[in-house]
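One structure is given below, encoded as structure tokens.
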Amino acid sequence: MLILYVRTGCPFCGRVLKTGESLGIEFQKRNIADPGIEDELVARGGRCRVPYLIDEEESVEMYESQRIIDHLHRRFKEPSLG
């Protein structure tokens, strides 16, 4: 399962979501604007920063949109466009 912490209107989150869409990936999205989600993110990752990806199958968790995009391209076999 791919879990993606996002914030509505965040351009960096938008980049990751657009990449996921182009690769045919579905994320379980968790918006930090929803009650309790920001606290959940801080408890999990240590800071309130989005996007934040949890890739349970690969046992990977990460911040930074470009790192997330690169990870998705590697995992789903598409070359990164940078």
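Build a GNM of the chain with springs between Cα atoms under 10 Å apart, and of I69, I54, I37 the one that fluctuates most is I37. The length gained by stretching the chain between N31 and C48 to full extension, at 0.36 nm per residue less their Cα-Cα distance, is 5.0 nm. Thinking of the chain as a set of Cα atoms, what percent of all their pairs are more than 17 Å apart? That fraction is 39 percent.
Evaluated at q = 0.30, 0.32 Å⁻¹, a Debye calculation over the C-alpha positions of segment 1-45 (equal weights, vacuum) places log10 I(q)/I(0) at -1.12, -1.17. 3J(HN,Hα) along segment 37-53, derived from phi through the Karplus expression 6.51 cos²θ - 1.76 cosθ + 1.60 where θ = phi - 60°, amounts to 6, 4, 4, 4, 5, 4, 5, 7, x, x, 7, 9, 8, 10, x, 9, 9 Hz, with x in place of Gly and Pro.
Every number in this text was worked out from the coordinates using simple rules, so none of it is lab data. This is a predicted model, so every value here is computed, not measured.
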